[in-house]
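Notes follow the structure.
Bear in mind these aren't lab numbers, they're just calculated from the coordinates by the rules spelled out. Since we're looking at a predicted model, the values are computed, not measured. Here the Cβ is made from the backbone with ideal geometry for all residues, glycine too, and neighbour counts use every protein chain on show.
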Amino acid sequence: MRRRNPLLPLALLGLVLAACSADPINVVVLAARAPGDKCDFSDNTKYVEGGSVDFRPYVSGGFITSTGSYGQVFAWENNLQPVPLTVNGDVVDPGHSNDFVADSVVYEYQYTDPAVTLASELQNIHATIAAGALPDTNTVGASLIQPGASNAIGASTLIDTVPQTVLVTFQIFGKLVAGQPKYTNKVSFPVTVYRSSTVPLDCSAGTGGLVINGGPCGIPGRDQVVSCKSP
């Protein structure tokens, strides 16, 4: 089973962006960047509207493991402008007071398997974006499937027969360098989860010299079925 992530222009991207209070949203998370062939998320013209994870177990380094996480890179921007501080005609601060320093992300989940409830989770991070920074050259990462959600999904059984969708909604919190608390808009991103087989895949068991297929990002099961490939 394979799920392809189409590359879409920003205007067609199906992300949900929403402000959550009357406080101005100055730091805005936008489109989900496509990883590209090198998983560097560097092409600011290509985006994805969703992802997938195959929870099938596989053998790596002699141990059985599985992929249960999904990291994604998003473009973001800071609409606040730098305000230089001048003293006696000398610029003592070029305007870093409006730079945003992120320190945490809150994740909320909606899941299609009625037997599984996924609680909200908090992740501590450190990310910065300068005042006036534009989305074509600025990105922020998000670990969309947090440990609690991953454990609950992996322990369930419906994904063995029917792919499920987890809609991840996250929001980034932090402060401006000047000290004012700030947060971004909320962004939602769907991830299809399934388990293509419950039997661990051991690519080294055959005689063909195969290895586990990690795809562009080196992560088996990310946006593809867990499989083997030639070295």
Exercise. Measuring from centroid to centroid over Cα atoms, what is the spacing of region 107-127 and region 163-213 in Å?
Worked result: 11 Å
Problem set entry | Taking the chain and dividing mean pair separation by its residue count, relative contact order in percent (alpha carbons under 8 Å, at least six apart) | 28 percent
For this session: Would you mind getting me the FRET efficiency between Phe63 and His126? Use the beta-carbon distance for r and R0 = 25 Å, nearest 0.05.
Result: 0.25
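So for region 159-231, averaging the separation of alpha carbon pairs under 8 Å that are six or more residues apart and normalising by length, what relative contact order in percent results?
26 percent.
Please report the relative contact order for region 44-111, taking Cα pairs under 8 Å with a sequence separation of at least 6, and give it as a percent rounded to a whole number. Display every interim value, and only then the final one.
Working: 48 pairs, mean separation 11.8, N = 68.
Reported as a whole number, the value is 17 percent.
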Seminar exercise, completed: Among Val92, Val193, Val105, the residue with the largest mean-square fluctuation in a Gaussian network model of the chain built from Cα contacts under 10 Å is Val92
For this session: Under a 10 Å cutoff between Cα atoms, tell me which one of Leu167, Leu144, Leu122 has the largest fluctuation in the Gaussian network model of the chain.
Result: Leu122
Seminar exercise, completed: The simple spin-label model distance between Lys175 and Ala155, using points 7 Å out along Cα→Cβ, in nm, is 3.7 nm
For this session: Kindly identify region 108-152 as rounded, prolate or oblate by the Cα gyration tensor criterion: order the square roots of the eigenvalues as a ≥ b ≥ c, call it rounded if a/c is under 1.5, otherwise compare a/b with b/c, prolate if a/b is larger, else oblate.
Result: prolate
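Classify region 93-231 from the C-alpha gyration tensor, please: rounded if a/c falls under 1.5, else prolate or oblate depending on whether a/b exceeds b/c. Provide the component values of the computation, followed by the final result.
Working: a/c = 3.42, a/b = 1.76, b/c = 1.94.
Oblate.
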Seminar exercise, completed: In whole Å, largest first, the alpha carbons of region 140-214 cover along the principal axes 62, 30, 17
Exercise. Highest GNM mean-square fluctuation, the chain, Cα pairs closer than 10 Å: which of Ser69, Ser60, Ser197?
Worked result: Ser60
Problem set entry | Asn79/Ser204 FRET efficiency (R0 45 Å; Cβ-Cβ; nearest 0.05) | 0.30
Problem set entry | Label point distance in nm, Asp103-Asp37, each placed 7 Å from Cα along Cα→Cβ | 4.3 nm
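How do Ser104, Ser97 line up, fewest other C-beta atoms within 10 Å first? Show your work: numbers first, answer last.
Numbers: Ser104 14, Ser97 17.
Listed from fewest to most nearby Cβ atoms, that is Ser104, Ser97.
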